[in-house]
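Asks: Got a structure for you, questions after.
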Amino acid sequence: MQEIYFYALIICGVLSVLYAFFGDLSDAGDGVISFSTLLAFLTLTSAGGFLFHYLTSWNEVLIVFISMVIASILTFAFYYFLLVPLSSAETSVAYSDAQLAGQTATVIVPIPSDGFGEILVKAGGGNVPKRAAGWSNEEIEYGKEVLIVDVKDGTFLVQAYVPILSFQEK
């Protein structure tokens with residue numbers, strides 16, 4: 001019986017490592033019990049069975065029962081304290097160009113009238129250069145702050161940014 005526990009431990013361990021590398025390729029986590037949770041339960045059960053069989057002289061039924069109880073408790077903790085919080089985390093550095101409309105940027109290559117320049121946008125935890133054109137074909141100088149009005153075919157349509165405070169001063 002000890003050999004069965006040992007081989008099950010090796011197989012589940014290898015499957016766990018493979019699932020850690022290639023698990024995102026499948027949709028196995030959409031069910032009630034994810035494949036990683038099942039693998040954790042089987043790995044812990046076989047590890048507990050192997051250790052109890054090796055270290056004690058208990059009855060096989062008792063070893064299986066105790067191993068499954070311990071594996072259930074640890075798997076429950078693994079699922080509710082690690083997998084559930086990770087699955088609900090929404091931290092991402094991903095963004096789409098359409099989400100940048102309404103933000104400000106800085107001109108790093110002057111934008112001529114009826115032409116293209118380049119702006120530097122703060123997005124996704126870094127600075128990203130993007131192709132830009134004037135919203136109403138106006139010329140915008142280097143270093144000016146602009147407002148992103150729209151994005152069409154990968155080109156950011158911008159206009160000179162005028163802060164609200166400058167309107168209050170007049």
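Read-outs throughout are calculated quantities, based only on the coordinates presented, and are distinct from any laboratory measurement. On a predicted model such as this, the values are computed, not experimentally measured, just so you know. When we count neighbours, we look across all protein chains shown, and the Cβ atoms used for this are built from the backbone with ideal geometry, even at glycine.
Asks: Within the stretch 50-153, report the GluC sites (Glu not before Pro) that DSSP leaves as loop and that have at most 14 other Cβ atoms within 10 Å.
Replies: Values: sites: Glu60, Glu90, Glu118, Glu138, Glu139, Glu141, Glu145; in loops: Glu90, Glu138, Glu139, Glu141.
Sites meeting the loop and neighbour criteria: Glu90, Glu138, Glu139, Glu141.
Asks: Which is farthest toward the positive dipole end of the chain among Leu42, Gly115, Val151, measuring Cα position about the Cα centre, with Cβ charges +1 (Lys, Arg) and -1 (Asp, Glu)?
Replies: Towards the positive end, the residue furthest out is Leu42.
Asks: Helix 60-78 versus the longest principal axis of the chain: what is the Cα-based angle in degrees, 0 to 90, to the nearest 10?
Replies: For 60-78 against the chain, the angle is about 10 degrees.
Asks: Between Leu165 and Phe116, what is 0.36 nm times their sequence separation minus the Cα-Cα distance? Round to one decimal in nm.
Replies: So the extension gain works out to 14.7 nm.
Asks: With +1 on the Cβ of every Lys and Arg and -1 on the Cβ of every Asp and Glu, and nothing else charged, how large is the dipole of the chain about its Cα centre, in debye rounded to the nearest 20?
Replies: Dipole magnitude for the chain comes out near 360 debye.
Asks: Further, regarding this structure: Given only helices, namely DSSP H runs of n ≥ 4 each adding -39500 (n - 2.57), what is the per-residue ellipticity at 222 nm of the chain, to the nearest 500 deg cm²/dmol?
Replies: Rounded to the nearest 500, the figure is -13500 deg cm²/dmol.
Asks: Here is a follow-up. Calculate the tail of P(r) for the chain: the fraction of all Cα-Cα distances greater than 30 Å, expressed in %. Provide the component values of the computation, followed by the final result.
Replies: On the way: 7427 of 14365 pairs.
I get 52 percent for the Cα pairs in the chain exceeding 30 Å.
Asks: Now a separate question. Ile4 to Met68: extension gain in nm, 0.36 nm per residue of separation minus the Cα-Cα distance?
Replies: Answer, rounded to one decimal: 21.5 nm.
Asks: Once label points are set 7 Å from the Cα along Cα→Cβ at both Ala98 and Ser136, what is their separation, rounded to one decimal in nm?
Replies: Simple spin-label model gives 2.7 nm for this pair.
Asks: Could you work out the relative contact order of the chain, using alpha carbon pairs under 8 angstrom and six or more residues apart, expressed as a whole percent?
Replies: 14
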